[in-house]
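S.K.: Quick one: the structure is below, and I'll ask about it shortly.
Values in this text are rule-based calculations from the coordinates and carry no lab data. Since we're looking at a predicted model, the values are computed, not measured. We place every Cβ from the backbone using ideal geometry, glycine too, and count neighbours over all the protein chains shown.
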Amino acid sequence: MPDEDDEEMMATNAIVMAAVAQESENQHRGRGSHPGRAPNEERFREERGKGMLADYFVDRPVFKDAEFRTRYRMSPNLFQRISTDLCQYDRYFVQRSDATGKVGLLPEQKMTAALRMLAYGAGADQCAEYCRMAKSTSVAALQHFTRGIVDLYSTQYLRAPIAADLRRLLTKAERRGFPRMIGSIDCMHWQLKNCPTGWAGEYSGRKQIPTIILEAVASYDT
């Protein structure tokens with residue numbers, strides 16, 4: 001049986017594969033203006049971008065850091081760091097104007113679309129509606145985001161812990177009064193909403209619903 005890490009990885013891979021399939025379909029259809037093609041839909045993306053900045057990304061946003069963490073699954077500082085790195089690495093995320101002078105999407109809009117698909121398993125249509133972009137654009141944002149994250153951070157973060165990581169955690173814990181401790185262990189029951197019927201009995205316990213137990217060792221700053 002797959003464990004929770006495998007299931008999460010399978011779900012993420014499914015989203016990315018769906019994005020690749022959608023992009024392939026779009027390329028097959030062809031892009032650009034041609035006779036018989038419907039005109040571009042006005043989505044008021046510039047107004048939505050300004051609203052998103054006011055909600056989360058200005059000095060005094062409407063929603064505070066706690067709400068940001070809940071909705072983006074990361075701190076505002078981490079989001080801004082990733083945004084800066086991606087804009088430097090891939091010009092796709094840089095806001096530009098088209099041939100008519102119309103301002104394009106903000107990097108915050110493209111990143112938000114990608115993160116909502118990955119963090120919540122949301123469909124491209126849902127994210128496109130929230131960020132005011134075409135479905136194909138939200139798919140492209142996901143593709144550029146995942147490729148950029150792997151290229152930028154895989155060497156440092158997407159690897160097994162090494163001895164230096166353990167020493168760093170032990171040193172930090174000792175400074176905080178917890179010698180020889182690398183972190184705290186916590187767990188929670190996560191409901192399997194779409195659990196196959198044949199597995200339901202194996203994954204059901206005192207809660208009477210199929211769940212899996214998520215366990216984590218967290219350091220003080222995670």
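S.K.: Read phi for every residue in the stretch 193-210 and hand back ³J(HN,Hα) as whole Hz from Karplus 6.51 cos²θ - 1.76 cosθ + 1.60, θ = phi - 60°, with x for Gly and Pro.
M.R.: In residue order, the calculated couplings are 5, 10, 5, x, 4, x, 9, 4, x, 5, 9, 9, x, 5, 7, 6, 9, x Hz.
S.K.: Can you give the local net charge around residue 170? Use residues other than it whose beta-carbon is closer than 12 angstrom to its beta-carbon, Lys and Arg +1, Asp and Glu -1.
M.R.: Summing Lys and Arg as +1 and Asp and Glu as -1 gives +4.
S.K.: Could you give the length gained on full extension between residue 147 and residue 96, defined as 0.36 nm per residue of separation minus the Cα-Cα distance, in nm?
M.R.: 16.3 nm
S.K.: If you line up the Cα atoms of the stretch 163-218 on their principal axes, what length do they span on each, largest first, in Å?
M.R.: That gives 48, 21, 14 Å along the principal axes, largest extent first.
S.K.: Mind running the shape call on the stretch 75-204? Use the C-alpha gyration tensor, a ≥ b ≥ c as the square roots of the eigenvalues: rounded below 1.5 for a/c, prolate if a/b tops b/c, oblate otherwise.
M.R.: It is oblate, given that a/c is not under 1.5 and a/b is not larger than b/c.
S.K.: Run through all the Cα pairs of the stretch 127-205 and give the fraction in each 5 Å bin from 0, expressed as whole percent.
M.R.: So the P(r) values, bin by bin, are 3, 10, 10, 8, 9, 13, 16, 16, 11, 4, 0.
S.K.: Which lysines have a Cα less than 27 Å from the Cα of residue 102, not counting those fewer than 8 places away in the same chain?
M.R.: The qualifying lysines are 50, 110, 135.
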